[in-house]
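The values are calculated or read from the model by the stated rules, or taken from the named source; none is laboratory data. A quick note: this is a predicted structure, and the numbers were derived from the prediction, not measured. Methodologically, a virtual Cβ is constructed for each residue, glycine included, from the backbone with ideal geometry; neighbour enumeration extends over all protein chains shown.
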Amino acid sequence: MIRTRFAPSPTGPLHIGGLRTALFNFLFAKQANGEFYLRIEDTDRVRSKKEWEIEIFENLKKLGIIWDNEAERQSERGEIYKSYLEKMLKEGTAYYCFCTKEELDKEREELMKMEKAPVHQGKYRNLGLEKALKKIEEGEKCVIRFKCPLNKDISFDDLIRGKIKINTSDIGDFVIAKDLNNPLYNFTCVIDDFEMDITHIIRGEEHIPNTPKQILLGEALGFTIPNFAHLSLILGKDKRKLSKREGSTAVSDYLRQGYLPKAINNFIAFLGWNPGTEKEIYSMDELIQDFSINKISKSGAIFNIDKLDWMNGMYIRKMDINELVQKCLPYLKQKEGIDNKKVVEAYKDRLKKLEDIAELTDYLYQDMLNYDKELLRWKDMTDEEIKESLNNALKLIEHADNIQIELIEEAKKAPSIGSFMWPLRVALSGKKASAGPAEIIEIIGKEKAIIRIKQAINYLCLEK
Ligand code: GLU
């Protein structure tokens, strides 16, 4: 059975890159009727925070990326790691190293001088456990290192990148634990992936250098080695690694702004994956069906916010209107006499994200509009002409039965449609862009509309 996992470190919010890793692992497992596990890698006790763990859980849930296990925490698995460390020390595949920082610095410096890779030479690799334990008893400080096989080629078939090969002489004896109770990432990761029967590891390319180390550890422990797939970086529009430079990278910010989970998933799926067809709008079920590791690109994926805006707009327009109204409520003001459903109906086609509705519709809820009277002017109309046009509108609205149709008829009689519609629309909205006059009147009601038009006429009567 296929089993994947997402293994975030709770040292910050769930970000776009993490979400993509989670989503791809989820899709891959679900497609094969397998399982998707969640593991919290919180061995870094200083940087790991409970609040980030909760944040990650909540955001994954909001996005419908649901894990099949009881989420595991590495901080609660200390005994397991300890017993594996003891086993390795006993078997001699790991050893205590007593090198001081100064010694290590000097070693590195000398290797660099000789133009060699700064790989640790393993001064204590043959000391033997008994002698090491004696030194520890005497109070000497140490760490635990992996005894790396000498001059051995390690290779793996990355499911995205193909064969990746490295020689152990470029790795050296790396540290796997500060002590029995403080194992480090490469070690805990290997133990957990084995203990949790993980078959496929899909993660960011920054982990490529860790993979040979993890394979070596797995081999030393006699574990079955999982399959690996490393995702390319997510880049900003400037082709540099995505960062706050181009807006937020925290998933929660996108949710807060009213990007819909379905749109976010759809968009994120396309960060590196492409079905190779024209189809761009994918439900989660369709993603599960069509997702394929073979179609993931080796080159960097560009995070294009315009595409997310476009996709989100598509999802907003497809949404059932009552559901959309509910989703918009947190962004809308409330006012007696204003039907929020009408507001949403008038504006849903213009929304890139739900949050946009707040600014677009603020004028509907205001008692007095505040705008520059110059905004009322269409082309080179004089104040008198604008006033006349607004007065015509006023009379019409006072008596109209079907405002929409009658406004259009009236506009046709004017020197141009704009010369009638523009001043009226600005009088009603105080904005350069807004819903059309009839829609606004429908929302705010005739009485308020009349007050607003009179207010505009008054503006025009004031001296400059
Ligand atoms: N905790 C690691 C990270 O957040 C995960 C590494 C892995 O997937 O193996 O980058």
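Listed values, structure above:
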{"quantity": "Selection count, the range 121-168, where residues are touching a Phe, Trp or Tyr at 6+ places or on another chain (Cβ under 9 Å), assigned to a strand (DSSP E or B) and among the β-branched types (Val, Ile, Thr)", "calculated": "3"}
{"quantity": "Breaking point among (1) out of contact with any helix residue (DSSP H, G or I) (no Cβ under 7 Å at 6 or more places or on another chain); (2) crowded, with 16+ Cβ neighbours inside 10 Å; (3) within 30 Å of ASP253 (Cα to Cα), for SER429", "calculated": "(1)"}
{"quantity": "Check on ILE202, modelled with pLDDT of 95 or more, among the aliphatic types (A, V, I, L, M), in a loop (DSSP other than H, G, I, E, B) and within 16 Å of the ligand (Cβ to nearest atom)", "calculated": "no"}
{"quantity": "For ASP158: the one exception among (1) farther than 24 Å from ILE234 by Cβ; (2) within 16 Å of the ligand (Cβ to nearest atom); (3) in contact (Cβ under 8 Å) with a residue 40 or more places away in the chain", "calculated": "(1)"}
{"quantity": "Yes/no for LYS61 being away from the ligand (no atom under 15 Å from the Cβ), surrounded by fewer than 19 Cβ atoms within 10 Å (Cβ to Cβ), farther than 25 Å from LYS178 by Cα and basic (Lys, Arg)", "calculated": "yes"}
{"quantity": "Selection from the range 82-92 of residues that are under 11 Å from GLY128 (Cα atoms), among the basic types (Lys, Arg) and surrounded by 16 or more Cβ atoms within 10 Å (Cβ to Cβ)", "calculated": "none"}
{"quantity": "Residue ID - nearest to the ligand (Cβ to nearest atom), chosen from residues in the range 176-199 that are in a helix (DSSP H, G or I) and more than 16 Å from MET1 (Cβ to Cβ)", "calculated": "CYS189"}
{"quantity": "Complete set of residues in the range 233-253 that are part of a helix (DSSP H, G or I) and free of Cβ contacts under 8 Å to residues at least 60 places away in the same chain", "calculated": "LYS244, ARG245, GLU246, ASP253"}
{"quantity": "In the range 1-24, the residues that are in a helix (DSSP H, G or I) and either away from the ligand (no atom under 11 Å from the Cβ) or in contact with a helix residue (DSSP H, G or I) (Cβ under 7 Å, 6 or more places away or on another chain) (or both)", "calculated": "ILE16, LEU19, ARG20, ALA22, LEU23, PHE24"}
{"quantity": "Some residue of the range 93-110 being buried (at least 18 other Cβ atoms within 10 Å of the Cβ) and free of Cβ contacts under 8 Å to residues at least 40 places away in the same chain", "calculated": "yes"}
{"quantity": "From ILE281, ILE268, ILE321, residue being touching a residue at least 60 places away in the same chain (Cβ under 8 Å) and either of a type in the set (Val, Ile, Thr) or in contact with a Pro (Cβ under 8 Å, 6 or more places away or on another chain) (or both)", "calculated": "ILE268"}
{"quantity": "Helices (runs of 4 or more DSSP H) wholly inside the range 372-464 that include at least 3 residues being charged (D, E, K, R) and either free of Cβ contacts under 8 Å to residues at least 12 places away in the same chain or closer than 25 Å to ARG350 by Cβ (or both)", "calculated": "383-399, 403-413, 446-461"}
{"quantity": "Given (1) within 23 Å of ILE293 (Cβ to Cβ); (2) without any contact (Cβ under 8 Å) to a residue 40 or more places away in the chain; (3) within 14 Å of the ligand (Cβ to nearest atom), number of the condition LYS165 does not satisfy", "calculated": "(3)"}
{"quantity": "Scan of the range 25-54 for residues that are more than 14 Å from the ligand (Cβ to nearest atom), assigned to a helix (DSSP H, G or I) and in contact with a helix residue (DSSP H, G or I) (Cβ under 7 Å, 6 or more places away or on another chain), ordered by number", "calculated": "LEU27, LYS30, GLN31"}
{"quantity": "Verdict on ILE225 being touching a residue at least 40 places away in the same chain (Cβ under 8 Å), within 12 Å of the ligand (Cβ to nearest atom) and outside any helix (DSSP H, G or I)", "calculated": "no"}
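Residue-by-condition table, conditions (1) hydrophobic (A, V, I, L, M, F, W, C); (2) surrounded by fewer than 17 Cβ atoms within 10 Å (Cβ to Cβ):
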{"residue": "GLU70", "(1), (2)": "no, yes"}
{"residue": "GLN74", "(1), (2)": "no, no"}
{"residue": "GLY78", "(1), (2)": "no, yes"}
{"residue": "MET114", "(1), (2)": "yes, yes"}
{"residue": "LYS123", "(1), (2)": "no, yes"}
{"residue": "LYS131", "(1), (2)": "no, yes"}
{"residue": "ASP157", "(1), (2)": "no, yes"}
